[in-house]
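A short worksheet on the structure shown next.
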Amino acid sequence: MTARKEVMRQASARVASDIVIQDPEWDDSKYLLEEILLASQGATGGVGVFAFASAGGVKLLLEDPDFLSFIRNSPFELIVGMDAITDTKALDAISTTISRNGNLTARAFMGKISGGIFHPKLCWFRHRSGAICVLGSGNLTPGGLRGNCEAFSTTVLASKQLRRWERIWRSWSDCHRSELLQLSDPDVQKRARENAAVKRVFKEL
């Protein structure tokens, strides 16, 4: 059995959606980082969307040997929110990995959501017979990936479900096309500097 088929076989053994808790103090904990890496094995492509990102979280995922092996052969798009936390160091860490891996692309969400913020945290990976989606509360930070108490689910999507989801995703992306900006965009860089300044203030407090 190929590695790709084995990943899908293991994922399909879950009922419909395997809901788990990440808790470093709990012996039975599963970890978001490991679940994302497992879902990426043998995938033909993927997308990750995180409200917040830090340099430490970016390096944990994007520089993991298993993830680097995945993007060596398959495309992955990363979208990070800029409403808080995501700072210049996080963007620099993403850009560094992009410079070494042509299959990795990234954009920053700079939308204007009245009375709210950009807050999703999910990844999905296309496989030949469908997809694996990891969806939960953890951000692209060391705490979100391994250190915090979080909850998330891993769901297997059949081909028909994946096609429906990707239509939804394309519709949303088209709606916000003008707000999904390159990391080098001046407005993105300005917001990243502002987020870094806020983090410094809280650290001093």
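A few notes on this one:
- q = 0.08, 0.12, 0.13 Å⁻¹: log10 I(q)/I(0) that the Debye formula gives for the chain, counting C-alpha atoms only: -0.27, -0.61, -0.72
- The residue list Ala90, Phe118, Cys149 was ranked by how far each Cα lies along the charge dipole of the range 14-164 toward its positive end, using unit charges on Cβ atoms, and Phe118 comes out on top.
- Surface accessible to a 1.4 Å probe, His176 within the full protein complex, Å²: 40
- The accessible area of Ser69, taken with all protein chains in place and a 1.4 Å probe, comes to roughly 50 Å².
- Structure note, pairs Lys89/Lys190; Lys30/Lys199; Lys59/Lys112; Lys112/Lys190; Lys30/Lys121: Cα-Cα distances above 22 angstrom occur for Lys30/Lys199; Lys59/Lys112.
- Per residue accessible area in Å² of the chain, where ligands, DNA and RNA are left out and the probe is 1.4 Å: 52
- Lys89, Lys121, reordered so the largest accessible area comes first (probe 1.4 Å): Lys89, Lys121
- Cβ-Cβ FRET estimate between Ile19 and Asp187, R0 fixed at 30 Å, reported to 0.05: 0.20
- Accessible surface ranking that places the most exposed of Asp27, Asp18 first, with a 1.4 angstrom probe: Asp27, Asp18
- When nucleic acids and ligands are ignored and a 1.4 Å probe is applied, Ile168 ends up with an accessible area of around 80 Å².
- Lys160-Glu63 pseudo-label distance in nm [points 7 Å out on the Cα-to-Cβ vector]: 4.5
- Protein-only accessible surface at a 1.4 angstrom probe places the residues Trp124, Trp26 in the order Trp26, Trp124, largest first.
- Label point 7 Å beyond Cα of Thr44 along Cβ direction - residues of the range 102-136 with amide nitrogen under 15 Å: 125-132
- Taking other residues whose beta carbon is less than 15 angstrom from the beta carbon of Glu25, and scoring Lys, Arg as +1 and Asp, Glu as -1, yields -2.
- The chain, accessible surface, carbon-and-sulfur percent (1.4 angstrom probe): 53
- Whether the range 86-197 is rounded, prolate or oblate, judged on the alpha carbon gyration tensor where a/c under 1.5 counts as rounded: prolate
The values are calculated or read from the model by the stated rules, or taken from the named source; none is laboratory data. Remember, it's a predicted structure, so these values are computed and weren't measured experimentally. Cβ coordinates were reconstructed from backbone atoms using ideal geometry, including for glycine residues, and neighbour counts include every protein chain displayed. Accessible surface is based on the protein model in full, side chains and every heavy atom, while ligands, DNA and RNA are left aside. Shrake-Rupley method; radii C 1.70, N 1.55, O 1.52, S 1.80 Å.
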